Amino acid sequence: MLPQPQRSYAERRMTAFGLNLVVMALCFALYELGFFGRVEGPLAPANIGRALAGLGFTVSSFQALLVAVFLVLLGWNWVVNLVAHFTGRRLTCSEESAEQGRCGEPVVRRRRPDGRGWLYTCPRGHRRTEAHFHPLRKGKLANSLLLAGLAAALSFYLS
């Protein structure tokens, strides 16, 4: 992969300005649709509440939705890591040498010739029966959303 050239100060500022205009246009559209509650529109909180009540959505349904969102936010990376591990993704060579340390190249997984277990081969030609798995970890945003979901679920449960 080729390194990307550094953008100039003016290019970075123009990109930021353009994104700011897009966000501002989105906020104006949401305002005109009544999302912020000052203008009567289809997205006004009272209209959203009436529409959800018409569909049979209750406070208990909302609590269950918050708990479900919390559980999804809690377990999504476990599922992704299990799928990646079982499909042989995110694996690197575990060959170690005294002068170079761990190889660390991505490996290709194939069945061993005897049919029992796996054989991992890296581009440097190392052939091993084990490889190092690199799990996907949650970042700050995912953990923040997880805590916000937990706080919302707990506040509705306790009220």
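The values are calculated or read from the model by the stated rules, or taken from the named source; none is laboratory data. The model shown is predicted, which means the values in this text are computed figures rather than measured ones. Reconstructed Cβ throughout: ideal geometry from the backbone, glycine too, with neighbour counts over all protein chains shown. Ligands, DNA and RNA are excluded from the accessible area calculation, which covers all protein heavy atoms including side chains. Shrake-Rupley method; radii C 1.70, N 1.55, O 1.52, S 1.80 Å.
Computed values, structure above
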{"read-out": "Selected residue [touching a strand residue (DSSP E or B) at 6+ places or on another chain (Cβ under 8 Å) and without any contact (Cβ under 8 Å) to a residue 60 or more places away in the chain] from ARG124, ARG89", "value": "ARG124"}
{"read-out": "Filtered residue count, the range 4-25, keeping only those that are open to solvent by 90 Å² or more (accessible area, probe 1.4 Å) and either acidic (Asp, Glu) or not in a loop (DSSP other than H, G, I, E, B) (or both)", "value": "9"}
{"read-out": "Number of the exception - ALA51 against (1) open to solvent by 70 Å² or more (accessible area, probe 1.4 Å); (2) of a type in the set (A, V, I, L, M); (3) at pLDDT 90 or above", "value": "(1)"}
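Yes or no, residue by residue, for (1) at pLDDT 90 or above; (2) open to solvent by 50 Å² or more (accessible area, probe 1.4 Å):
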| site | (1), (2) |
| --- | --- |
| ALA64 | no, yes |
| PHE70 | no, no |
| PRO113 | no, yes |
| CYS122 | yes, no |
| HIS134 | yes, yes |
| ALA148 | no, yes |
| ALA151 | no, yes |
